[in-house]
1. Give, in nm to one decimal, the length gained when the segment between residue 96 and residue 170 is fully stretched (0.36 nm per residue of separation minus the Cα-Cα distance).
2. For a quick check: with amide H placed at 1.01 Å from N, whose amide H comes under 5 Å from residue 217's, ignoring anything fewer than 5 positions away on the same chain?
3. Could you tell me which of the pairs 15/216; 166/245; 115/159; 107/218; 54/85; 159/202 are separated by over 22 angstrom between their Cα atoms in the structure shown?
4. For segment 153-165, what does the Karplus curve 6.51 cos²θ - 1.76 cosθ + 1.60, with θ = phi - 60°, yield as ³J(HN,Hα) per residue in whole Hz, taken in order and with x for Gly and Pro?
5. Could you give the length gained on full extension between residue 116 and residue 73, defined as 0.36 nm per residue of separation minus the Cα-Cα distance, in nm?
6. Taking 1 over the mean of 1/r across every pair of different Cα atoms in segment 1-49, what Kirkwood radius in Å do you get?
7. Excluding same-chain residues fewer than 8 positions from residue 234, which aspartates and glutamates have a Cα within less than 12 Å of its Cα?
8. What spacing in nm lies between the two simple spin-label points modelled at residue 58 and residue 210, each 7 Å away from Cα in the Cβ direction?
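Please treat every number below as a calculation from the coordinates, not as lab data. Quantities reported herein were computed from a predicted structural model and do not represent experimental measurements. Note that we place each Cβ from the backbone using ideal geometry, even for glycine, and neighbour counts take in every protein chain shown.
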Amino acid sequence: MLELYQFELSHYCEKIRLILDYKGLPYRKVEVTPGIGQLEVFRMSGQRQVPVLKDGSEVIADSTAIAEYLERKYPDRPIIPTEPKLRGLTILMEQWADESVGLNARKCMLGAMGKDVSFRQAFLPKETPDLLKTVLGSVPNEVFGVLGLGAGLSPDASKTALDAMKRDLTALCFILDQQPFLVTDHPTLADFAVAALTMYVKFPSGDYLDLPDGLKGKGVPGIADVGTFEPFFKWRDSLYASVRKASATPAAGSGSGPTSINIE
């Protein structure tokens, strides 16, 4: 069986989960513990990043390389068109999603966490004691701003990312205004990349991910709660409903949830 070494909240991993579900491929999720757990990923793939796909003796790292491998090895329900122009548009849009949408979405999320107490608290699991939630809520926003600076996210960088994300979402709304998908009349790699890599600006509301309840359907203020972008998120919700399997449904023998690895 296919094994996906992942972080549940990674939007690049979500791109691969969407593709696997669309192609109807059974797989087992292996949740990697950040840090020390990535040693196993390094032993397998020669690098520490997820996603990593293991298919028998084949080990593939990087979400784009995994998507291309799945297209070659499992060609049913193709995600990359063969017609040259459509193929080029699909590849170009996926690269844009990876390098612009995905990176800016992450910056937007971190920026929102630094400014919005309720958004920070929403990341806590539902079983988190109320006292801990209160403590987190009482931490001044300035403290999170300092942490953001440590991660290279200045206020100017956060604003630039937010403005870029708004422009990108506006463009996507225009593209999808009179066509069902971004490139062709069926979903392609471009659609799955864009849908997944916008996850951080507004999380899916369904039971597709193992998310704290407070995060479902929530996202970055100024984007997730703005009607201007509602057409895009409605499109994304429709894509999820037709493609993505609920996380409550075991992935073909995977058990009730992902297997965790934590190398001692």
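1. On the way: separation 74, 0.36 × 74 = 26.64 nm, distance 1.49 nm.
Fully extending the segment from residue 96 to residue 170 adds 25.1 nm.
2. It is 203, 205, by chain and number.
3. Numbers: 15/216 18 Å; 166/245 28 Å; 115/159 12 Å; 107/218 16 Å; 54/85 31 Å; 159/202 17 Å.
With Cα atoms farther than 22 Å apart: 166/245; 54/85.
4. So the Karplus estimates, Gly and Pro as x, are 10, 7, x, 5, 5, 5, 5, 4, 5, 5, 5, 5, 5 Hz.
5. Full-extension gain reported as 11.0 nm.
6. Details: mean 1/r = 0.0879 Å⁻¹.
By the Kirkwood definition, the hydrodynamic radius is 11.4 Å.
7. Candidates past the 8-residue exclusion: 177.
8. 2.6
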